[in-house]
Structure formats: C-alpha cells, structure tokens
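Novice: Let me begin by handing over the structure; questions about it come next.
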Amino acid sequence: MKKISTAVQTTVAYQKCLNLDCAETFPVDETLTACPSCGSLLDVQYDWDRLPVPGSLKEFESRWANRNQPLDFSGVWRFRQLLPFAPDDKIVTIGEGQTILQQAHAVGKYVGMGAGNLHLQYEGLNPSGSFKDNGMTAAISHANMVGATSAACASTGNTSASLAIYASSSQMFKVFVFVGSGKIAYGKLSQALDYGSKTLQLLGDFDDAMARVKEVAGPAKIYLCNSINPFRLEGQKTIMYRVLEALRWEVPDWIVVPGGNLGNSSAFGKAFLELKQLGLIDRIPRLAIINAAGSNTLYRLFQEQGLRWNNGRPDQELIERFYTQMDADGRRAATLATAIQINRPVNLIKALRALDACDGVVRQVTDQEILDAKAQIGAGGFGCEPASAASVAGARLLRAEGVIAPSDRVVCILTGHQLKDPTVTVAYHTPQSESSRKLLAENEITTTAYANEPIVVENDYDKILKAVRGL
Ligand SMILES: *Cc1c(COP(=O)(O)O)cnc(C)c1O
Ligand SMILES: [Zn+2]
C-alpha cells in the first residue's frame, strides 16, 4: 500500500519486518499492512536511547493529577512515553482505558486459588465495552497521523464496535466494517449500526471478511484497523501497564488471556519484553493463552505440534502444512465464544514471540467450561462475555494440572463486557425454554450447573410472598 501522506516524521519510531531474514525497516508514517518485500508482519520499534524514558514506572502515577488533560486522562496515552509513535496533537482519544483490576475471591475459589490470589482485569469497562478500544485509539491516531479520512476492519463484532465508536465520537473518519454472517453477537452488531458505520455483512465467516477487507483497503485508499495493524498492538500494551499499576508495580506470576487473532497476547509479550529491556521491571510474568476447543489453531500448533518462536525463525512449513490440511478437511472454527472463533490467527508469529518471552503455555477449554466459568464470573463480580471467560476456565484447568500453584498471583483478562452477548447468557440461565434448549444442544452444552433460573410466579400476593420467603 502506498504512503497516504508524510504529515509527521517521528524518527525515533519506525516499523520493522518481523522476519529476521528480511528485517527491513520503514518510516512510522507509512501505511502498510505487511512487509512489502516479504509479506511478513510488521512491528513498531523505537530507538529508546534517544527517548525520554521514565526512571521508574511509579512516575506514571503522577499523571493522575492531570486528569483534565485528555491524554493523561486516557488509560492508554497516560503511558505514551512507552508507545511514542504519535505526536500529541495527532492522538485521537475518547477516554479509553478506565478499567479496573479486581481481587476476585469467589471466582478465585472456583479456580482453586488461595485467598486473594486471583485478579480479574475488566477491559469490558472501555467505551465500546471491550479491550479493543486500547488498540483502536492507537490505530486511529496513526490513521490521523498519515492523513487518512476513512477506515475499515473485519470483525467478529468487537473490533467493529470499537472502530465505529471512534468514528462516531471523533467525527473524523468514514468507517466501513465487514462482518461475517450468522454468528455475530447482537450487542456488537447493534453497536456498529447504532454508531452509524457503513456495515457490510458478508456471506461468509470472519476469515472470509478479513481476506476481503485486506483486498479492497489498498485500492479504495481505506486505512485498515485490524490487529494486523502493528499500531493497534502498541495501544494494547497498556493493559499490562495498568495491571502492574493496580498491583503497585509488582509483577504477577501469571497473565491468562483468551486467544483469538492473538493480538492481545502478542501485545502483552511485547510490553513485558520492552519493560525488561528498559530496566523498568526485574522479571517477566508467565503467559497462558487459552483457545476455545472449537477454535484451537494455536493450541494444535504450539502444544501438540511443537511450533516455537525459534529465535525468530518459526517453522513456516509446519504452519503452511497445518492450514492446507485444515482446508482439505474442511475444518472451520466453531464456538459459542464468537470473539475467538478464528481459523487463521493473524498474529500467530508474534504470539510465538510472546510465549517465548513469557515462558508461556497454551491450553484449550470447551464451550461447556467457558459457560460454567462465565456464570461464576457473573455471580462473583462484574461479568463478561463468553470469550472472556475462557481465561478463567483456562486458569482453572492450569490450576487442576498443578501448573499454576494456589499461592501464585494470577491475573485473568476479561476482554469484553457482560452485555455483549445476552443471547448466550439467557440461554444458559433458562435451559428449559425451547429456544435455549436448541441453542445449548447445538453447541453441546449438556449441563447448566450454575444456572440462575427465573422463578415463575402467578400475579397473586400470597403466592409471591410465599415464593419470596422460600428463596
Ligand atoms: C477480540 C477479542 C478476543 C480475542 O483477542 P485477540 O487479540 O484477537 O486474541 C477475545 N475476547 C474478546 C471479547 C474480544 O473482543
Ligand atoms: Zn520483510
């Protein structure tokens, strides 16, 4: 793709091809979706030696005093010294990143942790209700830097909701969102429509939508906002900064995150690598990436077939063979956790780097385990959407395996808000109804052990009183 404009030249930041045998670099204000020479993913890199890096992470706390300054109010841009690619006057912020790390006792008990050792990071508290806003503010700021006026993404739902809210709030971009047909959760579709984005509902799934948006973005001069966009991952690093901040800058033992396109896990790994390199932390936490069993490309490749980062030279042939076989078998991802229903995770290679840096593990959990965990998260806190609950289900599995110890300090990332997918939530809690039975059976949900079923009662004073007393 060609350069849209060269409005700003920030020389301390640049883009670099992830492929070590190529390793070409490109200016930060160039609009690329892949390395033009070899097609690999791009990374944003910095000449840290030429940048004013804080002496300690504690220095970021003083920024709270500046909360009437939009960049310091933002939970992303408060940390802009650690993602210094955009000049302040090009940054587009809508107050993202006001999220909470909660010590979750009841959920911790469910997972099997010692008292006080499980923490939940509620990224559903972002303006569009998912962690995607952390990345979208960075991508949109970069779009603004390069002079783009329209933007697009393919999405299982939350990326489109996020891009759409940045378009409606900033009134700076015309936005196109590409969604697949069928499995998009209603909360998410309703956002894209409500925020006024042009919504293209493709007759295909997410991977089809992703392939198409990549094809048309270049010719139509539309800025692409999927997590293939390396600037988005820069914004998502700040989720880890906020986790550390909430833990008084102490590094936890484990970060547990659901894996879809693997943007988040990649960003987390990069965040910790950089903090370590800058001497701002003394150790890196372990990373657990949790796939849905019905959408388990990373699990198969990493855990079963031994694919590794291999010092920047992962076995590309193994990956190609895997995808060829997947297509030959007609295998398509299928899970109720639609936000992580992905066949070809675009950030696979970066996630391998993160797993390498963080001594990581990958696990898969069934939709049954996901929905049970989700009900526990709802009953024990703010709740989340199905994909997010994979993190807690995964922590529980790792705890049962003894990989996580009860005394470890564990942070599960809850990626999306409880209201995103009411259909699945209501089905779980009303298993007797016709429509619930159908949805649960189709997805092999055989028990609803934590269902909180509504109590049907006649419109009669005595009967209501009796019912309430009996509860
Ligand atoms: C996008 C999304 C994910 C998957 O994140 P990746 O960075 O693509 O791995 C998980 N949960 C929710 C709620 C999401 O919106
Ligand atoms: Zn390259």
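Novice: All other residues with a Cβ under 13 Å from the Cβ of Ala167 taken together, and with Lys, Arg as +1 and Asp, Glu as -1, what is their net charge? Display every interim value, and only then the final one.
Specialist: On the way: positive: Lys174, Lys198; negative: Asp133, Asp194.
Residues close to Ala167 contribute a combined charge of 0.
Novice: Give me, ordered by chain and number, the residues 5 or more places off Val175 or on other chains with an amide H under 5 Å from its own placed amide H.
Specialist: Residues meeting the amide H criterion: Ala151, Lys198.
Novice: How large is ³J(HN,Hα) for each residue in the range 63-78, as worked out from phi by the Karplus curve 6.51 cos²θ - 1.76 cosθ + 1.60 (θ = phi - 60°), to whole Hz, x for Gly and Pro?
Specialist: Running phi through 6.51 cos²θ - 1.76 cosθ + 1.60 with θ = phi - 60° gives 5, 4, 5, 9, 5, 7, 9, x, 6, 7, 5, 5, x, 9, 7, 3 Hz.
Novice: Angle, helix 348-357 long axis vs. longest principal axis of the chain, Cα atoms, 0 to 90°, nearest 10?
Specialist: Approximately 90 degrees, to the nearest ten.
Novice: Using the alpha-carbon centroid of each, what span in Å lies between the range 425-461 and the range 384-415?
Specialist: 26 Å
Novice: How are the Cα pair distances of the range 75-151 distributed, in percent, across 5 Å bins from 0?
Specialist: Using 5 Å bins, I get a P(r) of 3, 15, 19, 16, 14, 11, 8, 6, 5, 3, 0 for the range 75-151.
Novice: Also, quick follow-up: Provide the packing ranking of 390-397, 411-418, i.e. peptides ordered by the mean count of other C-beta atoms within 10 Å per residue, highest first.
Specialist: Working: 390-397: 29.4, 411-418: 27.9.
So the order, starting with the most tightly packed, is 390-397, 411-418.
Novice: Compute the Kirkwood hydrodynamic radius of the range 177-275, taking the inverse of the mean of 1/r over all pairs of distinct Cα atoms, and give it in Å to one decimal.
Specialist: Working: mean 1/r = 0.0633 Å⁻¹.
Final number for the Kirkwood radius of the range 177-275 is 15.8 Å.
Novice: Further, regarding this structure: Around Thr324, under 12 Å between beta carbons, what's the net of Lys plus Arg minus Asp minus Glu among the other residues?
Specialist: Details: positive: Arg321, Arg331, Arg344; negative: Glu317, Glu320, Asp327, Asp329.
My count for the surroundings of Thr324 gives -1.
Novice: Hey, can you rank 103-110, 77-84, 284-291 by average C-beta count inside 10 Å, highest first?
Specialist: Ranking the peptides 103-110, 77-84, 284-291 by packing returns 284-291, 77-84, 103-110.
Novice: Normalise the Debye intensity by I(0) for the range 305-410, one equal point scatterer per Cα, no solvent, then take log10 at q = 0.12, 0.21, 0.22 Å⁻¹ and round to two decimals.
Specialist: Computed log10 I(q)/I(0) values: -0.54, -1.24, -1.27.
Novice: Report, to the nearest 10°, how far helix 206-217 tilts away from the longest principal axis of the Cα atoms in the chain, using its own Cα long axis and a range of 0 to 90°.
Specialist: Helix 206-217 sits at roughly 30 degrees to that axis.
Novice: Continuing with the same structure: Can you give the charge dipole size of the range 386-434 about its Cα centre, rounded to the nearest 20 debye, using +1 on the beta carbon of Lys and Arg and -1 on the beta carbon of Asp and Glu? Before the final figure, lay out each step's value.
Specialist: Values: 4 positive and 4 negative charges, 36 e Å.
I would put it at about 180 debye.
Novice: A follow-up question, please. Please give the Cα centre distance for the range 82-129 versus the range 151-229, rounded to the nearest Å.
Specialist: 24 Å
Novice: Less than 12 Å Cβ to Cβ from Gly269, Lys/Arg counted +1 and Asp/Glu -1: what total charge do the surrounding residues give?
Specialist: +2
Novice: Please sort 33-41, 330-338, 450-458, 55-63 by packing, taking for each peptide the average over its residues of neighbouring beta carbons within 10 angstrom, highest first. Write down the numbers at each step before the final one.
Specialist: Values: 33-41: 16.2, 330-338: 20.3, 450-458: 11.6, 55-63: 13.6.
Highest to lowest by the protection proxy: 330-338, 33-41, 55-63, 450-458.
Novice: A further question follows. Calculate the radius of gyration of the Cα atoms of the chain to one decimal place, then report Dmax, the largest Cα-Cα distance, as a whole number, both in Å.
Specialist: That works out to 21.9, 78 Å for Rg and Dmax.
Novice: With the cut-off at 24 Å, report for the range 357-458 the share of all Cα pairs above it, as a whole percent.
Specialist: Working: 1407 of 5151 pairs.
Here the long-distance tail beyond 24 Å is 27 percent of all Cα pairs in the range 357-458.
Novice: Turning to a different aspect of this structure: What is the Å³ per residue value for the convex hull set by the Cα atoms of the range 244-382?
Specialist: 111 Å³
Novice: Say the cut-off is 18 Å between C-alpha atoms; which of Lys237/Lys270; Lys16/Lys270; Lys188/Lys350; Lys58/Lys132; Lys109/Lys374; Lys374/Lys420 go over it? Could you put the intermediate results ahead of the total?
Specialist: Numbers: Lys237/Lys270 7 Å; Lys16/Lys270 14 Å; Lys188/Lys350 27 Å; Lys58/Lys132 26 Å; Lys109/Lys374 14 Å; Lys374/Lys420 13 Å.
The pairs that break the limit, which is 18 Å between Cα atoms, are Lys188/Lys350; Lys58/Lys132.
Novice: How do Thr430, Thr423, Thr238 rank when sorted from fewest to most other Cβ atoms within 10 Å of their own Cβ?
Specialist: On the way: Thr430 17, Thr423 14, Thr238 28.
Going from least to most buried by this count: Thr423, Thr430, Thr238.
Novice: Also: Might you report the magnitude of the Cβ-based charge dipole of the range 381-471 about its Cα centre, with Lys and Arg at +1 and Asp and Glu at -1, to the nearest 20 debye? Walk me through the numbers before you get to the answer.
Specialist: Numbers: 9 positive and 11 negative charges, 54 e Å.
Using Cβ point charges on Lys, Arg, Asp and Glu, the range 381-471 gives about 260 debye.
Novice: Viscosity 0.692 mPa s, temperature 37 °C: Stokes-Einstein D of the range 397-445 from its Kirkwood Cα radius, in µm² per second?
Specialist: Values: Rh = 13.5 Å.
For these conditions, the coefficient is 243 µm²/s.
Novice: Let me ask you something else. Out of residues 5 or more away from Ala288 or on other chains, whose amide H comes under 5 Å of its own, with H placed 1.01 Å from N in the peptide plane?
Specialist: Ile255, Val256, Val257, Val361
Each value in this text was obtained by applying a stated rule to the coordinates, not by laboratory testing. Remember, it's a predicted structure, so these values are computed and weren't measured experimentally. Neighbour counts run over all protein chains shown; Cβ positions are idealised from the backbone, glycine included.
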